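A.B. asks: Here you go, one structure.
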Amino acid sequence: MDSELGVIAVLIAVVVCLVPIFSIYFSVNRTCKTKNPNVTSTKRTKPASVMIIAGSGGHTKEILSLVSSLGSHYSPRFYVIANTDKMSQQKIEALEAEKIKISNKMEYSIHTIPRSREVRQSWLTTVLSTAYATLYSFPLVFRLKPEVILCNGPGTCIPLCMAGLVLKIFGRDLKIVYAESICRVETLSLSGKILYYVADSLLVQWPSLHQKYPGSTYIGRLV
Amino acid sequence: MSVFVTVGTTKFDNLINTVTKYSAIKAFQDLGYNRLVLQTGAGKIQKELDQLEELDKFTVEHYDFKPSITEDIESASLVISHAGAGSILETLGAKKPLLVVINEDLMGNHQLELAYQLYRDQHLYYCECSTFVETLKSSDFTKLKPFPDKKPKLFVDYLDNLLGFK
């Protein structure tokens, strides 16, 4: 029940924020309608910029474990963290210190946005805080224009992915990849349920979850 | 042979109390263990542990947090953990026998899904504080199946394909 209300709250907040941004963007700025040079039939050589959304705690740990195995052709890397999350920043810096030893180049930046939903936050205030986070998220995504958005929840990633969706609508070649936590065996998380309809690829780590959500992708355990 | 108990970043004083009771220490000794290392987390258990009576041929050590518990897992013959994914995956990754103790306060919480699934897959045993000693005594840890190593390449290949790098 709580989670359903949460879904509704987040959706309302995002839609409320989307409408004005959508209309302003559509009337003022059409520069995003760039052509799409990366047709998948030819092998890509140019690096891909990636936005990595670090959720906090276990979410951060899982996503950084995925990022650590990615090659240097995923660069630059734009990390987004919630403004209340000090631990994630330290972990990102530690990971990038390892990557720099291999590539000899500093290829990342860290960006902070307000948290959209704290644990056990009520659905009414979730509408407000998600709206607030959304106002921060859109300019960030529009400015950085990543080619991949990589996330695994919780709520902070929703407004960023919605902004990514808007970029896609305007013709940007962008892949939104959501990797559900290994903790989710039976049900998708709140973020997973929303992004099931938005992400290009929603990876789950258990076959049972894939059976329940056939639109998801199961390639095995990721972490 | 030592036992390592970890509660992660949370507090779970009931677990620490359970594993330091006379009946639990006795069970550890009967199973051949002579050392107990406790990572006690954010709970308020420290003082009470200092008052534990000196035990014959059995040492108890404890601390609240460390940046990494990898070493303690590596040097343990048995790990007793809360149901947190981080501790569970690190222990199974190190191929150590694992007994997860479920915090009754979290019953119905999705965070327990992982422990239940890994029990069904025979990678660990689980119990509650109230059933800890009997579970410890009755569990045959040699019957647990080794947890397969993670394959980072799966994700890398998948993403490379999606982006057209391959």
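The values are calculated or read from the model by the stated rules, or taken from the named source; none is laboratory data. The model shown is predicted, which means the values in this text are computed figures rather than measured ones. Cβ: placed from backbone, ideal geometry, glycine included. Neighbour counts: every protein chain shown.
A.B. asks: Just need a number here: residues in segment A:183-197 that are more than 15 Å from A:PRO154 (Cβ to Cβ) and among the hydrophobic types (A, V, I, L, M, F, W, C).
C.D. replies: Adding up the residues that qualify gives 1.
A.B. asks: Identify all residues within segment B:1-44 that are of a type in the set (A, V, I, L, M) and closer than 16 Å to B:ALA83 by Cα; write none if there are none.
C.D. replies: B:VAL5, B:VAL7, B:LEU15, B:ILE16, B:VAL19, B:LEU38, B:ALA42
A.B. asks: Can you pull out every residue in segment A:143-167 that is farther than 20 Å from A:HIS210 by Cβ, within 14 Å of chain B (Cβ to nearest Cβ) and out of contact with any Gly (no Cβ under 6 Å at 6 or more places or on another chain)? Walk me through how you get there before you give the answer.
C.D. replies: Keep residues of segment A:143-167 that are farther than 20 Å from A:HIS210 by Cβ, which gives A:143-149, A:154-167.
Imposing the further condition that a residue be within 14 Å of chain B (Cβ to nearest Cβ) reduces the set to A:146-149, A:154.
Answer for segment A:143-167, where residues must be farther than 20 Å from A:HIS210 by Cβ, within 14 Å of chain B (Cβ to nearest Cβ) and out of contact with any Gly (no Cβ under 6 Å at 6 or more places or on another chain): A:PRO146, A:GLU147, A:VAL148.
A.B. asks: Take B:SER68 and decide whether it is small (Gly, Ala, Ser) and at pLDDT 95 or above.
C.D. replies: Values: small (Gly, Ala, Ser): yes; at pLDDT 95 or above: no.
No.
A.B. asks: Which of the residues that make up segment A:169-218 are in contact with a Lys or Arg (Cβ under 6 Å, 6 or more places away or on another chain) and at the interface with chain B (Cβ under 8 Å from one of its Cβ atoms)?
C.D. replies: If the condition is that a residue be in contact with a Lys or Arg (Cβ under 6 Å, 6 or more places away or on another chain) and at the interface with chain B (Cβ under 8 Å from one of its Cβ atoms), then A:ASP200 is the only one that fits.
A.B. asks: Going by what's in this entry, would A:LYS145 be described as surrounded by fewer than 24 Cβ atoms within 10 Å (Cβ to Cβ) and at positive phi?
C.D. replies: Yes: the conditions hold for A:LYS145.
A.B. asks: Please specify each residue of segment B:114-129 satisfying the condition of being over 16 Å from the mean Cα position of the chain (by Cα) and free of Cβ contacts under 8 Å to residues at least 12 places away in the same chain. Break it down into steps so the answer makes sense when it comes.
C.D. replies: Let us first name the residues in segment B:114-129 that are over 16 Å from the mean Cα position of the chain (by Cα), namely B:120-121.
Passing the criteria: only B:ARG120.
A.B. asks: Let me ask something else about it. I'd like the full set of residues that are touching a Ser or Thr at 6+ places or on another chain (Cβ under 8 Å), within 14 Å of chain A (Cβ to nearest Cβ) and surrounded by 17 or more Cβ atoms within 10 Å (Cβ to Cβ), limited to segment B:95-112.
C.D. replies: Of everything in segment B:95-112, just one residue is touching a Ser or Thr at 6+ places or on another chain (Cβ under 8 Å), within 14 Å of chain A (Cβ to nearest Cβ) and surrounded by 17 or more Cβ atoms within 10 Å (Cβ to Cβ), namely B:VAL100.
A.B. asks: Out of curiosity, is A:LEU66 within 12 Å of chain B (Cβ to nearest Cβ), touching a residue at least 60 places away in the same chain (Cβ under 8 Å), among the hydrophobic types (A, V, I, L, M, F, W, C) and surrounded by 15 or more Cβ atoms within 10 Å (Cβ to Cβ)?
C.D. replies: Answer is yes for this residue.
A.B. asks: If A:ILE176 passes every condition in (1) over 22 Å from A:ASP85 (Cα atoms); (2) modelled with pLDDT of 95 or more; (3) surrounded by fewer than 19 Cβ atoms within 10 Å (Cβ to Cβ) but one, which one does it miss?
C.D. replies: (3) is the only condition that A:ILE176 fails.
A.B. asks: Quick check on my filter: what residues within segment B:2-31 are surrounded by fewer than 18 Cβ atoms within 10 Å (Cβ to Cβ), closer than 21 Å to B:THR91 by Cα and small (Gly, Ala, Ser)?
C.D. replies: Matches in segment B:2-31: B:SER2 only.
A.B. asks: Take segment B:149-159 and flag every residue that is surrounded by 12 or more Cβ atoms within 10 Å (Cβ to Cβ) and either within 18 Å of B:PHE28 (Cβ to Cβ) or within 8 Å of chain A (Cβ to nearest Cβ) (or both).
C.D. replies: Restricting attention to segment B:149-159, the residues satisfying the condition of being surrounded by 12 or more Cβ atoms within 10 Å (Cβ to Cβ) are B:150-152, B:154-159.
Residues satisfying the conditions are B:LYS150, B:LYS151, B:PRO152, B:LEU154, B:PHE155, B:VAL156, B:TYR158, B:LEU159.
A.B. asks: So A:VAL50 clears everything in (1) farther than 21 Å from A:ALA97 by Cβ; (2) modelled with pLDDT of 95 or more; (3) not hydroxyl-bearing (Ser, Thr, Tyr) except one condition, right? Which one?
C.D. replies: Answer for A:VAL50: the failing condition is (1).
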